[in-house]
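The values are calculated or read from the model by the stated rules, or taken from the named source; none is laboratory data. None of these values were measured; they are calculated from a predicted model. Positions of Cβ are generated from backbone atoms using ideal geometry, with glycine treated the same way; all protein chains shown enter the neighbour counts.
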Amino acid sequence: MAHILIAGAGIVGLSVARAAVRRGHAATVLERGEVPNPKGASVDQHRMIRLHYGAAEDYTRMVQAAFGAWESVWADLGVRHFADTGALAVSTAPDDYTARSRAAFDRLGVGYEVLEGDALAALCPQLDPPASACGVLARPGGPLFADRIVADLARFCAAEGVRIRTRTAVAAIEGSAVVTGEGERIAGDFLVVAVGAWLPGLLPQRFGHLPTYRQALCYVEPPARYRAAWADGPALVVLGERGVYTLPPAAGTDLKFGSGEHRRHAAPDAGFASALEEAREVIADFGPWLRDADQYTPLRMQVGYYVMDATRRFRIEADGRCVFVTNCDGQMFKFGPLIGERIIAALDGELSAASLTRWAAGEAAG
Ligand SMILES: Cc1cc2nc3c(=O)[nH]c(=O)nc-3n(C[C@H](O)[C@H](O)[C@H](O)COP(=O)(O)OP(=O)(O)OC[C@H]3O[C@@H](n4cnc5c(N)ncnc54)[C@H](O)[C@@H]3O)c2cc1C
């Protein structure tokens, strides 16, 4: 039995802790804030899981494995924090993200439904797509109820003997030990660093070059006539060439809009405030696709940060007895439990450090 020390109590840190105790190890999680920490990227009403990954077919394969990992989480938690609403991407050009996702589905044998014309209008009456639009609806897919998952995972881990220390910031790393902001030295047999967008600030020499981004999503109240369509409809992955997406108001959550265009280069010390006017910018990114856009009422903004580089690939680096998780991008929540399992399998010697790195980068998902 080893003692696994984990920095960060987001989906990754808690999933590593869960995987550790399931394999008979001891685990300690150090979190600079409370758990759940609303500033962490993992804490929001929902995060999307979907099979569509454009040309990144290896990640479509990994999502299939991720669904299996979530099933074992639901079994442990005794509750399913996921609504299989389906995930819909809409194509308007022969080689756009949706078309490339569809080609990957064909190669991998992933089932999907094609929706055009009246069928697309019937499913999404709140949208006004171009006549050429072609929807690709795949299941399973939809919202993972992120804040409920993080809260329940923390409870599960604590009940299984994981020590979770809140308000304990890691200030320095020495092999598989850490020194906290209070000067306390805590040692583990292995250390997993899963501090999300705070990693470049914590280890500037090694990771300071990695770009961090601020992303602000907007919760909205739709016009009454479209309420049912949003509530009963799928998560929207992408609309043509517009990098906009939505999460449906399922299981007591609210409707949420996001836009890739709205991502800004910034680090968490820039803060979490957002003026509600920002919501109008996000809604505007839907352009002519959204019927009656001016009748959507912004409720609040949700600001989060992540590390993302041009590769758009996750990065897990093992260095001796220490593992660093980064490049979580706007993508890693769905893979949290799977990543936790893989990291502990690697620490148990079942895959090499190099294989773990390749797997995370999507190079060995098959
Ligand atoms: C706006 C937004 C939308 C997204 N949408 C999706 C989506 O739809 N689907 C999807 O799969 N993914 C999505 N993502 C990405 C996903 O949420 C993140 O990749 C994932 O949550 C990262 O988890 P994490 O545990 O690595 O980091 P975090 O959840 O950020 O957790 C890191 C934790 O480490 C703590 N910490 C920081 N520094 C220290 C320190 N020095 N010592 C101790 N603790 C520390 C922090 O307080 C924090 O709690 C989105 C992200 C954002 C921001």
Filter the range 141-172 for residues that are near the ligand (Cβ under 9 Å from one of its atoms) and under 20 Å from the mean Cα position of the chain (by Cα); the one that is nearest to G33 (Cα to Cα) is V150
Of (1) part of a helix (DSSP H, G or I); (2) over 30 Å from G258 (Cα atoms), A104 fails just (2)
Of G78, G54, G33, the only residue that is more than 9 Å from the ligand (Cβ to nearest atom), in contact (Cβ under 8 Å) with a residue 40 or more places away in the chain and either outside the structural domain of D152 (by TED's automatic domain parsing) or surrounded by fewer than 24 Cβ atoms within 10 Å (Cβ to Cβ) (or both) is G54
*asked:* On the basis of being without any contact (Cβ under 8 Å) to a residue 40 or more places away in the chain, in a helix (DSSP H, G or I), more than 15 Å from the ligand (Cβ to nearest atom) and touching a Ser or Thr at 6+ places or on another chain (Cβ under 9 Å), does A99 make the cut?
replied: yes
Within the range 1-13, restricting to residues that are in a loop (DSSP other than H, G, I, E, B) and either more than 26 Å from Y219 (Cβ to Cβ) or more than 6 Å from the ligand (Cβ to nearest atom) (or both), the one that is farthest from the chain's Cα centre (by Cα) is M1
Filtering the range 247-286 for residues that are touching a Leu at 6+ places or on another chain (Cβ under 9 Å), away from the ligand (no atom under 12 Å from the Cβ) and modelled with pLDDT under 95 leaves a count of 1
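Can you say whether L351 is more than 15 Å from V12 (Cβ to Cβ) and either surrounded by fewer than 20 Cβ atoms within 10 Å (Cβ to Cβ) or away from the ligand (no atom under 16 Å from the Cβ) (or both), as far as the supplied structure shows?
On the way: more than 15 Å from V12 (Cβ to Cβ): yes; either surrounded by fewer than 20 Cβ atoms within 10 Å (Cβ to Cβ) or away from the ligand (no atom under 16 Å from the Cβ) (or both): yes.
Considered against the rule, which asks whether it is more than 15 Å from V12 (Cβ to Cβ) and either surrounded by fewer than 20 Cβ atoms within 10 Å (Cβ to Cβ) or away from the ligand (no atom under 16 Å from the Cβ) (or both), L351 comes out as yes.
Please find, among V16, V21, the residue that is part of a helix (DSSP H, G or I), more than 12 Å from the ligand (Cβ to nearest atom) and either over 21 Å from Y245 (Cβ atoms) or in contact (Cβ under 8 Å) with a residue 12 or more places away in the chain (or both).
Among V16, V21, only V21 is part of a helix (DSSP H, G or I), more than 12 Å from the ligand (Cβ to nearest atom) and either over 21 Å from Y245 (Cβ atoms) or in contact (Cβ under 8 Å) with a residue 12 or more places away in the chain (or both).
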Over the range 189-239, the set of residues in contact (Cβ under 8 Å) with a residue 12 or more places away in the chain and part of a loop (DSSP other than H, G, I, E, B) is D189, A194, V195, L203, L210, P211, P222, P223, G233, P234
